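Got a structure for you, questions after.
The values are calculated or read from the model by the stated rules, or taken from the named source; none is laboratory data. Computed from a prediction, not measured in an experiment: that's the story for all the values here. Cβ atoms come from the backbone with ideal geometry, glycine included; neighbour counts cover every protein chain shown.
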Ligand SMILES: Nc1ncnc2c1ncn2[C@@H]1O[C@H](COP(=O)(O)OP(=O)(O)OP(=O)(O)O)[C@@H](O)[C@H]1O
Ligand code: SF4
Ligand SMILES: [Mg+2]
């Protein structure tokens, strides 16, 4: 049996965008433009990149919240990329999601008991007593109390509401949870508590996470491996620690240089300030999409799309600066 729970091959999600003028041509927004990666069973794969680079689109594609343009999504060996709702039914329980804003994703008219029992009832037929037992044990797992059972979302803090969302996702024993910026809206003091809780849950249940954040400092602690995205592409994949100690792609280097290094034994990184704005995904640069902001851009970068090189030890980078061993080409 494969050690991968998820294998994503050449995934594309394009959106048609109507022109603002009456006779203008319809254009195509390439939100995700052919990405390849896999997530091992029990692993946390982090996905980072600036706003609009396509992180949520990848997440929503994987759990099939929408159709994709092309590609394959193997979930536990089965290609679910082109299944219709009927075909997806047997996978729905196994793939759950936690989003950034629990206030928007939790129905305000339902109390905690109703919120957590809803997915259980959709995916099974538990008795009221079974529901209550499971919910009480889930509340304990996510650090909430028995007397929270009949409270409503507005009666909780942001961190507590996110704990309710996590309990709701866990209630059906999923194999995979998409965590799309689950801590970004929380106070810094609460962020670490929620990350630690997600790690404890993974240790106990073996659940696999895709953990999305726009900030590299947030994903470092929780991720085993990290993919860095730019304008619809994954440009680098590495083990979390390796990515921090030796970022290869110039975009990863720039992202990392912007966060303070708390470990004083590591030499202070030189701050790399990127010039210009992220180009529009409706009009991405030719060749390497990062070339308009890259401090190392060369002639070839304008002409040729850099292929994703597997440079050993599971590391991958898409940049013309490197050879297949990950060495800088002189
Ligand atoms: N339904 C849609 N129709 C048209 N364009 C869309 C749609 N959903 C997303 N996009 C576009 O696709 C691109 C990727 O969006 P996505 O939400 O995946 O980015 P993201 O990396 O999650 O950003 P953020 O960090 O802000 O959440 C963006 O340019 C966005 O405007
Ligand atoms: S391929 Fe060229 S432009 Fe792109 S990141 Fe590498 S050096 Fe920079
Ligand atoms: Mg997003």
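In the stretch 56-68, which residues are away from ligand 3 (no atom under 16 Å from the Cβ) and either touching a helix residue (DSSP H, G or I) at 6+ places or on another chain (Cβ under 8 Å) or more than 17 Å from residue 88 (Cα to Cα) (or both)?
64, 68
Oh, and also: What number goes with the only condition from (1) within 24 Å of residue 241 (Cβ to Cβ); (2) at pLDDT 95 or above that residue 144 does not pass?
Of the numbered conditions (1) within 24 Å of residue 241 (Cβ to Cβ); (2) at pLDDT 95 or above, the odd one out for residue 144 is (1).
How many residues, within the stretch 217-235, are within 13 Å of ligand 1 (Cβ to nearest atom) and either touching a strand residue (DSSP E or B) at 6+ places or on another chain (Cβ under 7 Å) or free of Cβ contacts under 8 Å to residues at least 12 places away in the same chain (or both)?
Residues flagged as within 13 Å of ligand 1 (Cβ to nearest atom) and either touching a strand residue (DSSP E or B) at 6+ places or on another chain (Cβ under 7 Å) or free of Cβ contacts under 8 Å to residues at least 12 places away in the same chain (or both) within the stretch 217-235 amount to 7.
Given 49, 42, 24, which one is at positive phi and either surrounded by fewer than 16 Cβ atoms within 10 Å (Cβ to Cβ) or away from ligand 3 (no atom under 16 Å from the Cβ) (or both)?
Residue meeting the stated conditions: 42.
Then there is this: For residues that are surrounded by fewer than 22 Cβ atoms within 10 Å (Cβ to Cβ) and at pLDDT below 95, scanning just the stretch 174-185, find the one that is nearest to ligand 3 (Cβ to nearest atom).
184
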